[in-house]
Amino acid sequence: MRDAPRPQLTALAKARRASERADATRDRARQQLRQAVVDAVIAGVPEAEVARLAGVTRMTVRAWIGK
């Protein structure tokens, strides 16, 4: 009887590790997008166009560039 929860705990631990990897991947992608937005604005691309291309709002672009 005592061994019954082990497969469930193992499965949950595996799911947690997968979730943490997904979180890290998402965070890296978000940081890369933010850097690309900043670089585009520095290069002279209008904020509204950068927002449209990046799939974020213009206010997000402005926040990311520090305005």
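The values are calculated or read from the model by the stated rules, or taken from the named source; none is laboratory data. As the structure is a prediction and not an experimental result, all values here were calculated from the model. Cβ atoms come from the backbone with ideal geometry, glycine included; neighbour counts cover every protein chain shown.
Details
Per-residue answers, yes or no, for (1) at pLDDT 95 or above; (2) part of a loop (DSSP other than H, G, I, E, B):
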position	(1), (2)
Q8	no, no
D27	yes, no
V41	yes, no
V56	yes, yes
V61	yes, no
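- When residues of the stretch 23-39 are limited to those that are among the β-branched types (V, I, T) and in contact (Cβ under 8 Å) with a residue 24 or more places away in the chain, the one surrounded by the most Cβ atoms within 10 Å (Cβ to Cβ): V37
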